[in-house]
Each structure stands twice: as structure tokens, then as C-alpha cells.
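Worksheet: the structure to be examined is printed underneath.
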Amino acid sequence: MKFVLEVDIPSSGPSETTVRELSRVLRYWGGNLHHYTLAPGVGETVYDSAYQQVGRWTITETPPTP
């Protein structure tokens, strides 16, 4: 299985805000993974502290190695 997390946090604000938002996303979603069946096709929308959609995580198949 492959875990994919894509997050797009606007960098227009102060860099500490960007770091704080990314840290929050990683803590929150990392802490909630136990609520999900980790199987291909499972995923969820990721929100920032203002409840704005900033990304998504998904579980995909790992491609076979040649």
C-alpha cells in the first residue's frame, strides 16, 4: 500500500503561519488514521484550522517492482 498526502497551504502569510498550519495537518490527520481502514481507495479531504480545504490523503496500491 502507498499513503499519499497532498497539502497546498498558501504561502502568502508569514512563514510561521505556514509551518503552524502544516504541523496541525500532520498531527490531526496522523492521529486520526486509526479511524480508517487502510486499504486502496480510502481517503479523506484535509482542512486547515479555518476549515478550508487544503488537500487530500489517499491510500493506493503499491506498484509492483520490476
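Sort 55-64, 28-37 by the packing proxy (mean of other Cβ within 10 Å over each peptide's residues), most packed first.
Top to bottom by mean Cβ count within 10 Å: 55-64, 28-37.
So what's the angle, to the nearest 10 degrees on a 0 to 90 scale, between helix 15-32 and the longest Cα principal axis of the chain?
Rounded to the nearest ten degrees, it is 40.
State the extension gain, in nm to one decimal, for the chain segment bounded by residue 51 and residue 27, taking 0.36 nm per residue of separation less the distance between their alpha-carbons. Intermediate values should be presented prior to the final figure.
Details: separation 24, 0.36 × 24 = 8.64 nm, distance 1.52 nm.
Taking 0.36 nm per residue and subtracting the Cα distance, the gain is 7.1 nm.
Please report, as a whole percent, how much of the solvent-accessible surface of the chain comes from carbon and sulfur atoms (probe radius 1.4 Å). Each step should come with its number before you reach the end.
On the way: 2690 of 4850 Å².
Percent of accessible area from carbon and sulfur atoms in the chain: 55.
Please give, to one decimal in nm, the separation of the simple spin-label points placed at residue 38 and residue 4, each 7 Å out from Cα toward the Cβ.
Roughly 1.8 nm, to one decimal.
Ordering 27, 20 by how much accessible area each has at a 1.4 Å probe, largest first, what is the list? Each step should come with its number before you reach the end.
Working: 27 160, 20 135 Å².
Ranked list, largest accessible area first: 27, 20.
Could you compute the FRET efficiency for residue 12 and residue 60, with r as their C-beta to C-beta distance and R0 at 22 Å, rounded to 0.05?
On the way: r = 31 Å, r/R0 = 1.40.
Calculated transfer efficiency: 0.10.
With contacts defined as alpha carbon pairs under 8 Å and 6 or more residues apart, what's the relative contact order of the chain in percent? Intermediate results must be reported in sequence, preceding the final value.
Values: 80 pairs, mean separation 29.6, N = 66.
This gives 45 percent for the chain.
The values are calculated or read from the model by the stated rules, or taken from the named source; none is laboratory data. No experiment lies behind these values; they were computed from the predicted model shown. Positions of Cβ are generated from backbone atoms using ideal geometry, with glycine treated the same way; all protein chains shown enter the neighbour counts. Just the protein is used for accessible areas: all its heavy atoms, side chains included, with ligands, DNA and RNA removed. Shrake-Rupley method; radii C 1.70, N 1.55, O 1.52, S 1.80 Å.
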